[in-house]
Amino acid sequence: MYARSMNERFIHKKSLGQHFLNSDFVPEQMCRAADVQPGDTVLEIGPGTGALTKVLLAHGATVVAVEADERAITALKSTFAEAIAQQKLVIHHMDARKLDFETLHLTAYRYKVVANIPYYLSGLLFRQLLDTVHQPNTLVFLVQKELAERIARDPKESLLSLSVKLFGVPKYVATIKRGHFTPPPKVDSAIIAVTSISRDHFHIFTPEQAFSILHEAFKSKRKQLVGNLQSRFGREAVLTVVTSLGLPADIRAEDIPLSTWLPLFTQLLSE
């Protein structure tokens, strides 16, 4: 099989967090999760040996690939020479931590992101692609299973889960066992999809204001919300807002859903 043979002769770099997909099974699931259609523009981060790239192209997408490893770029140019010549695949030698949307020629809400990303970049890439005026309309990541569960399945909220939910609707799509990668990671992965992406929540307050409050609210997990926010807003002011929203005075940040955080932000900032 193409992916397996490529992986066998392509030595991964631990420093880049490389774990290459070794079949079409997972890429097909990711394409379905993103509803990739002919004519779609898809940003792929870290294509590596091209297992996902191949399936994206087969679905009729135009792929804009960002790759930091020059060895991978050389292999991709050889494998996908025809797609590159047809401008169905455009490869950028770029550090994913410094995405340049102007260089990538991506228009807000007119592209999708489908990517098998390094675990250590997960939080950063969620922020870069969601907290921007260049938002995609759909985002599908292959990430560490624990991270996907924390964002989309955990009944308790976290700074990360709320950071994603402020911009879109996350869904846990599927668990991916470590055997689908070469070399296999130490833990299982999961496909997570974020849809309905927008900045619609930010009419009254800005993302900076919201995240500033969230960082304060979660700075000490064992403390109650009032205790974490009192140094900034004053204990009585926070208590007034909390009780006006029908919340118990001893509530913790992790027990507050996004639907309640929205008026909470507004009222705290008006104090």
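Test residue 49 against the stated conditions and say whether it is in contact with a Pro (Cβ under 8 Å, 6 or more places away or on another chain) and not small (Gly, Ala, Ser).
When the stated conditions are applied, residue 49 does not pass them.
Does residue 41 satisfy the criteria of being surrounded by fewer than 21 Cβ atoms within 10 Å (Cβ to Cβ), touching a residue at least 40 places away in the same chain (Cβ under 8 Å) and over 27 Å from residue 188 (Cα atoms)?
yes
Determine whether residue 63 is assigned to a strand (DSSP E or B) and crowded, with 23+ Cβ neighbours inside 10 Å.
When the stated conditions are applied, residue 63 passes them.
Which pairs turn up if I take residues in region 135-152 that are in the same structural domain as residue 30 (by TED's automatic domain parsing) and look for partners that are among the acidic types (Asp, Glu) and surrounded by fewer than 20 Cβ atoms within 10 Å (Cβ to Cβ) with beta carbon separation below 9 Å, at least 6 apart in sequence or on another chain?
Correct list of pairs: 138/35; 144/188; 145/188; 146/188.
Inspect all residues belonging to region 70-90 and state whether any of them is modelled with pLDDT under 95 and not in a helix (DSSP H, G or I).
No: region 70-90 contains no residue that is modelled with pLDDT under 95 and not in a helix (DSSP H, G or I).
Keeping to region 150-182, report how many residues are among the acidic types (Asp, Glu) and either closer than 20 Å to residue 31 by Cα or surrounded by 20 or more Cβ atoms within 10 Å (Cβ to Cβ) (or both).
Residues in region 150-182 being among the acidic types (Asp, Glu) and either closer than 20 Å to residue 31 by Cα or surrounded by 20 or more Cβ atoms within 10 Å (Cβ to Cβ) (or both): 1 in total.
Take the residues in region 72-110 that are among the β-branched types (Val, Ile, Thr) and surrounded by 13 or more Cβ atoms within 10 Å (Cβ to Cβ); name whichever of them is farthest from residue 138 (Cα to Cα).
In this case the residue turns out to be 79.
Every residue, every condition in (1) surrounded by fewer than 17 Cβ atoms within 10 Å (Cβ to Cβ); (2) over 30 Å from residue 109 (Cα atoms), yes or no:
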site: 203; (1), (2): yes, no
site: 231; (1), (2): yes, yes
site: 243; (1), (2): yes, yes
site: 248; (1), (2): yes, yes
site: 254; (1), (2): no, yes
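So which residues in region 112-126 are assigned to a helix (DSSP H, G or I) and closer than 18 Å to residue 20 by Cα, if there are any at all?
119, 120, 121, 122, listed by residue number.
The values are calculated or read from the model by the stated rules, or taken from the named source; none is laboratory data. Keep in mind that what you see is a predicted model, and the values were worked out from it rather than measured. For neighbour counting, all protein chains shown are included, and Cβ atoms are generated from backbone atoms with ideal geometry for every residue, glycine included.
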